[in-house]
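Visitor: Quick one: structure below, then a few questions.
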Amino acid sequence: MDLDDRCYELAFPGATDLTYPHLAELVTGRLLNNVGDPFQPGHGRSHTKDAEVQVVRWLGALFGAGDDVWGYVAGGATEGTLHAVDEAVTAHPDVMVYASAAAHYSIAKAAHLVRAPLVRVATDDDDRMSLDDLRARLRAGSGRAAMIVATVGTTEREAVDDVAGIAGLCDDLGITRRRIHVDAALAGVPRALLPDGTPGFGFRAGATSLVVSGHKFLSTLTPCAVILYPRRPAAQSREQISYIGTADTTISGSRSGHTPLLLAASLLGQGRGGHRRRAQRSRDLAAYTYDALCRIGWPAQRLPDAFTITLAQPDRLPRPWMLGGDERTGRIICMPGVDQAWVAELVSDLEARLRGRIHVPAPRPRRIESSGAGRDRG
Ligand SMILES: Cc1ncc(COP(=O)(O)O)c(C=O)c1O
């Protein structure tokens, strides 16, 4: 692993600007295991459930939950979504999972693991879930319970699905046996902190669960996520496991006690104001990046407020830039920690490439085909 190559990796959404030297002794010198329910201390003493509950409450409040919020720190967003899908299938065994064609592959994996049918919903030109197509597919669902997974920040273009619109559509169609899970792994926190106030995708908009990553915007530097519910899911087992002294309400057994410390340090250390400023700096850098690409004539796209810029995938650049994507489209994600100077160097390499009159294909607009019901693993 060559750590000096970090500046060339512009396609992955892991913030790196916050570090936690004051936690080094705890994180590297103590066994900390948050096994079992975070709201029940259990038999063990070597855990950080107090920090975990603080994190759940902090994020719950941000997304519009009240005092009854329940959730836990998971190993990643995939685990959080699996928890939500499992909760849905426990409450409604006939549930069908609906996710857009731009949703992360973890949704298909979660549906597959609980053996729930997955229905793909088409997207519009900006990669948002098409409410017209969702309406048609829900109608075709013939009375079965529905779990719609909305994405707040799709992996490729950072599109934001309309959670309030999805909830309204379910109301129109009389779908009361429903869940609306929000995969806000990528952009939940920065979007919730936009200056215009209450997030349009949180619990007040109709979400019934929401997952947000720690190692993306929050810069925990090690993978983790927080799954949140406005209240403890009703169908959850209350049985106390005598070995651990708590109920077994999470997907994994033993869970990291270190990641709640990192999350608490990020959330409480920065506060809403600090995170809002970090988000604004990233948006400013994204605007700079997009403008710089347009100025040199390199095909690029950016959705409103996004940290993500998609661009025509270059080949054979003088330096080893890693822009992800496929052979046609790459991306730059201006996460906190990305330096404007790195972007400027990339743009100058791209400009040199253009001057060399080397053919660069235009990005293909992301047309999503709707694929119907089935166990598509995406
Ligand atoms: C929108 C979205 N959902 C889910 C995930 C999965 O997160 P994890 O790898 O932490 O399970 C990602 C990761 O990139 C993502 O961008």
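The values are calculated or read from the model by the stated rules, or taken from the named source; none is laboratory data. Quick caveat: nothing in here was measured; it's all calculated off a predicted structure. Don't worry about glycine lacking a Cβ; one is built from the backbone with ideal geometry, like all the others, and counts go over all protein chains shown. Quick note on the areas: whole protein, heavy atoms, side chains included, nothing else; ligands and nucleic acids left out. Shrake-Rupley method; radii C 1.70, N 1.55, O 1.52, S 1.80 Å.
Visitor: Carbon-plus-sulfur fraction of the accessible area of region 187-273, 1.4 Å probe, in percent?
Guide: Summing carbon and sulfur atoms, their accessible area is 53 percent of the total for region 187-273.
Visitor: If you count, for each residue, the other Cβ atoms within 10 Å and average over each peptide, how do 95-107, 123-135 line up from highest to lowest?
Guide: My ranking of the peptides, most packed first, is 95-107, 123-135.
Visitor: How many Å² of accessible area per residue for the chain, probe 1.4 Å?
Guide: Details: 16460 Å² over 378 residues.
Per-residue accessible area for the chain comes out at 44 Å².
Visitor: Apply the membrane-span-like helix rule to the chain: whole DSSP H runs, Cα extent along the own long axis of at least 15 Å, mean Kyte-Doolittle hydropathy at least 1.0. List the helices found. Working shown, then result.
Guide: Numbers: long enough: 49-62 (20 Å, 0.26); 77-91 (21 Å, 0.21); 258-296 (45 Å, -0.42); 340-355 (22 Å, 0.03).
Passing helices, by number: none.
Visitor: When only the heavy atoms of the protein chains count and the probe is 1.4 Å, how do 157, 277 rank by accessible area, highest first?
Guide: My answer, sorted largest first, is 277, 157.
Visitor: Return the inverse of the average 1/r over all pairs of distinct C-alpha atoms in region 246-318, which is the Kirkwood hydrodynamic radius, in Å to one decimal.
Guide: For region 246-318, the Kirkwood estimate is 16.0 Å.
Visitor: Calculate, axis by axis, the spread of Cα positions in the chain along the three principal axes, and write the results as whole Å, longest axis first.
Guide: 69, 56, 37
Visitor: For residue 277 paired with residue 136, estimate the spin-label separation in nm (one decimal), with each label point 7 Å from Cα along the Cα-to-Cβ line.
Guide: Each label point is offset 7 Å from its Cα along the Cβ direction, giving 4.9 nm.
Visitor: Which shape class, rounded, prolate or oblate, goes with region 1-160 when its Cα gyration tensor gives a ≥ b ≥ c as root eigenvalues, a/c under 1.5 marks rounded, and past that a/b bigger than b/c marks prolate? Walk me through the intermediate numbers first.
Guide: Details: a/c = 2.36, a/b = 1.39, b/c = 1.69.
Note, shape of region 1-160 comes out oblate.
Visitor: Say R0 is 22 Å: what FRET efficiency, to the nearest 0.05, do residue 113 and residue 11 get from their beta-carbon distance?
Guide: Computed FRET efficiency for residue 113 and residue 11 comes out at 0.20.
Visitor: Using a simple spin-label model with points 7 Å from Cα along the Cα→Cβ vector, what separation in nm is obtained for residue 198 and residue 126?
Guide: Here the answer is 2.1 nm between the modelled labels.
Visitor: Averaging sequence separations of C-alpha pairs under 8 Å and six or more residues apart, then dividing by the length of the chain, give the relative contact order as a whole percent.
Guide: About 26 percent, as a whole number.
Visitor: With the alpha-carbon atoms as the only input, what is the per residue convex hull volume for region 1-80 in Å³?
Guide: Roughly 163 Å³ of hull volume per residue.
Visitor: If each DSSP helix of 4+ residues adds -39,500 (n - 2.57) and the sum is divided by the residues in the chain, what number results at 222 nm, nearest 500 deg cm²/dmol?
Guide: -10500 deg cm²/dmol
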